[in-house]
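These notes are about the structure you will find just below.
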Amino acid sequence: MTSSFENKQIQQKFQQQMDEKELLNCMRCGFCLPSCPTYIESGQQETHSPRGRIALMKAVRDGVIEPGEDVEHSLNLCLGCRACEPVCPSGVKYGRLLEDARDILQQHKKQSFPIHLMRRAVFKGLFPSQSRMRQAAGLLRFYQTSGLQTAARKTGMLKVLPSHLQLMEYALPKVPHQKKSRLNEYKAIGPTRKRVAFFSGCLMDTVFSSTNEATIHLLQLAGCDVVIPPKQTCCGALHGHSGEKKQSKQLAKRNIEAFEETDVDAIVMNAGGCGAFLSDCDHLLQDDPNLQKRSETFSKKITDISDILVELQFHHRTPLALPEQVITYQDSCHLRNGMGVISAPRVLMKAIKGVTFREMKDADRCCGSAGIYNILQPEMSMQILDHKMTEASHTTAAAIVTSNPGCQLQMVAGIKRSGHTPSMRAVHLADFLLEAVQYGKEASSSSS
């Protein structure tokens, strides 16, 4: 519980840091309500809607209410999916307001020593350091390949964990062997049509490194020379969403410096959450005049892999085929709501011969992953996931294709939880397209 002095400090910070014009832009029309998963799943509680949360932020700023546990709970229960933004007639940038409010509350929150130590280890020690991320991935790989995982599952040792963590353990992908070195540049296969930089990420470059390799190969096939700046670092999205805005700014500056050294047409992403956060770097660093133009240039170059493949007509130039199957697509919230990428992934999937694409109802609704939300807010996350899997099962799809690692893990967990294993799988778009390339090539060879 915060003291009256601390409450006053928080109120002052809200007055200094929160964008009053943005708070007042909310007309309380309610257009956001049907798009908000937590509002729906909470039984339409106003405090768990975008409109209600904005009202709470404004009330704290104006000193009408104190920033107590109820306010913090409401803000923490928000997925940050930003589904409210595209439907808002006033164009309220809700995601920015949420991050600012969480940052203020986090900086004034009294934490136990273990929690403080854990946050410091994760946000300052682990994610910003690719070498530590590789070490962590190596430990996870050892757990999976040494027999420890098999023993833990067979003996029931995992039952000491909460049920949602048991589910997450099941959803973890098989970690590939961590390569000690990698090229910093890959040449296009065929004539060069574009020179691009690839944002390899932290989680994507370790636990999902095979997806990164697939992405690079697809870019090469599309006619791209691909540069991978060695000095790049974590995108900072988890930091920004979790009240560690200062750290996210430091990471953004490091990434701008790393990518400025490349002369490229675009910076390609394969993780919707990373892409949306980096595409908003110009806002994140708006209070730094030395970085204003540099951050704008950087943000404008952020491009999703699906957009650049469609732009280069990859699906028309490359034979794509797979065995006959029904597939569906789960939108990455930040890819759709933050970067506005909606049609490109669907165009690519529909171009695969042998595949029947079936649109899932509410495909644009969050799956409940939302970074580490499924760990911090398991009850609400599982409610949202159960709804998602009901809609997914109605498509009778053999594969749920995603564009974000968190979504992929959540879908794997959902498939397990809903009993659809092994008739259904979750797969990243880049991996799925590479499968289609390889199968299409074999089919073309056998028919010629």
**Complete:** Taking a ≥ b ≥ c as the square roots of the eigenvalues of the Cα gyration tensor, with a/c under 1.5 meaning rounded and otherwise prolate when a/b exceeds b/c and oblate if not, segment 289-448 is oblate
**Request:** Grab the beta carbon distance between Leu139 and Ser343, set R0 = 45 Å, and tell me the FRET efficiency rounded to 0.05.
**Result:** 0.65
**Message:** What does the extension gain come out to for Lys350 and Glu6, with contour length at 0.36 nm per residue minus their alpha carbon separation?
**Reply:** 118.3 nm
**Prompt:** Expressed as an acute angle from 0 to 90° and rounded to the nearest 10, what is the orientation of the C-alpha long axis of helix 4-17 relative to the principal long axis of the chain?
**Reply:** 50
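Size of the dipole of segment 162-314 about the Cα centre, Lys and Arg at +1 and Asp and Glu at -1 on the beta carbon, nothing else charged, in debye to 20?
Using only the charged Cβ atoms, the result is roughly 340 debye.
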**Request:** Under a 10 Å cutoff between Cα atoms, tell me which one of Leu183, Leu238, Leu291 has the largest fluctuation in the Gaussian network model of the chain.
**Result:** Leu183
**Complete:** Lys and Arg at +1, Asp and Glu at -1: neighbours of Phe113 with Cβ under 13 Å from its Cβ sum to +3
**Prompt:** Which net charge results when you count Lys and Arg as +1 and Asp and Glu as -1 among the other residues whose beta-carbon is under 13 Å from that of Tyr170?
**Reply:** +4
**Prompt:** Ranked highest first by average number of other Cβ atoms within 10 Å, how do 57-65, 306-314, 161-169 line up?
**Reply:** 306-314, 57-65, 161-169
**Message:** Only Cα pairs within less than 10 Å get springs; with that Gaussian network setup on the chain, which residue of Phe127, Phe298, Phe113 has the largest fluctuation?
**Reply:** Phe113
**Item:** Extension gain (nm, one decimal) between Lys187 and Gln292, 0.36 nm per residue minus Cα-Cα
**Value:** 34.6 nm
**Complete:** Between the residues Cys29, Pro67, Leu56, the Cα farthest towards the positive end of the dipole of segment 1-101, that dipole coming from +1 and -1 charges on the beta-carbon of Lys, Arg, Asp and Glu, is from Cys29
**Item:** Partnerless Cys - the chain, beta-carbon criterion under 4.7 Å
**Value:** Cys26, Cys29, Cys36, Cys78, Cys88, Cys224, Cys281, Cys367, Cys407
**Request:** Note down the net charge around Asp364, summing +1 for each Lys or Arg and -1 for each Asp or Glu among other residues with Cβ under 14 Å from its Cβ.
**Result:** +1
**Message:** Taking the solvent-accessible surface of protein heavy atoms with a 1.4 Å probe, what is the per residue accessible area of the chain in Å²?
**Reply:** 46
**Message:** Relative contact order for segment 182-231: what percent, with Cα pairs under 8 Å and sequence separation of 6 or more?
**Reply:** 61
**Relative contact order (%) - segment 393-448, alpha-carbon pairs under 8 angstrom, separation at least six** = 39
**Request:** Over the chain, with every protein chain in place, what whole percent of the accessible area is carbon and sulfur at 1.4 Å, could you tell me?
**Result:** 53
**Message:** Rolling a 1.4 angstrom probe over the protein chains, ignoring ligands and nucleic acids, what is the accessible area of His387 in square angstrom, nearest 10?
**Reply:** 50
**Complete:** Yeah, segment 49-208 with a ≥ b ≥ c from its alpha-carbon gyration tensor (a/c under 1.5 is rounded, else prolate when a/b outruns b/c, oblate otherwise) is oblate
**Shape of segment 69-129, Cα gyration tensor, a/c cut at 1.5** = prolate
**Asked** Once phi is turned into θ = phi - 60°, what whole-Hz ³J(HN,Hα) does the Karplus curve with 6.51, -1.76 and 1.60 give for every residue of segment 358-375, x standing for Gly and Pro?
**Response** 10, 5, 7, 4, 6, 4, 8, 8, 4, 8, x, 6, 6, x, 10, 4, 5, 8
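Restricting to bridges with both residues inside the chain, how much of the DSSP beta-bridge set is antiparallel, in percent to the nearest 5?
Looking only at bridges with both residues in the chain, the antiparallel portion is about 10 percent.
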**Complete:** Connecting every pair of Cα atoms under 10 Å apart in the chain and solving the GNM, the largest mean-square fluctuation among Lys301, Lys159, Lys194 falls on Lys159
**Electrostatic dipole magnitude of the chain [Cβ: Lys, Arg +1; Asp, Glu -1; Cα centre; debye, to 20]** = 1020
**Prompt:** Roughly speaking, what is the stretch gain from Ser423 to Lys109, that is 0.36 nm per residue apart minus the C-alpha to C-alpha distance, in nm to one decimal?
**Reply:** 108.4 nm
**Protection proxy ranking of 370-376, 213-219, 5-11 - average other beta-carbon atoms within 10 Å, highest first** = 213-219, 370-376, 5-11
**Request:** Sort the following peptides by mean Cβ neighbour count (other Cβ atoms within 10 Å, averaged over residues), highest first: 245-256, 412-423.
**Result:** 245-256, 412-423
**Request:** Could you point to the residue in Pro162, His116, Ser131 farthest towards the positive end of segment 90-219's charge dipole, with +1 and -1 charges on the Cβ of Lys/Arg and Asp/Glu respectively?
**Result:** Ser131
**Asked** Which of Leu105, Val264, Cys84 sits farthest toward the positive end of the charge dipole of the chain, with +1 on the Cβ of Lys and Arg and -1 on the Cβ of Asp and Glu?
**Response** Val264
**Request:** Might you report the magnitude of the Cβ-based charge dipole of segment 300-417 about its Cα centre, with Lys and Arg at +1 and Asp and Glu at -1, to the nearest 20 debye?
**Result:** 220
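Over segment 1-121, what is the mean sequence separation of C-alpha contacts under 8 Å (at least six apart), divided by residue count, expressed as relative contact order in percent?
Relative contact order for segment 1-121 comes out at 34 percent.
The values are calculated or read from the model by the stated rules, or taken from the named source; none is laboratory data. Since the structure is predicted, the reported quantities are computational estimates derived from the model, not experimental observations. Here Cβ is always computed from backbone atoms with ideal geometry, including for glycine, and neighbour counts include all displayed protein chains. For accessibility, only protein heavy atoms count, side chains too; no ligands or nucleic acids. Shrake-Rupley method; radii C 1.70, N 1.55, O 1.52, S 1.80 Å.
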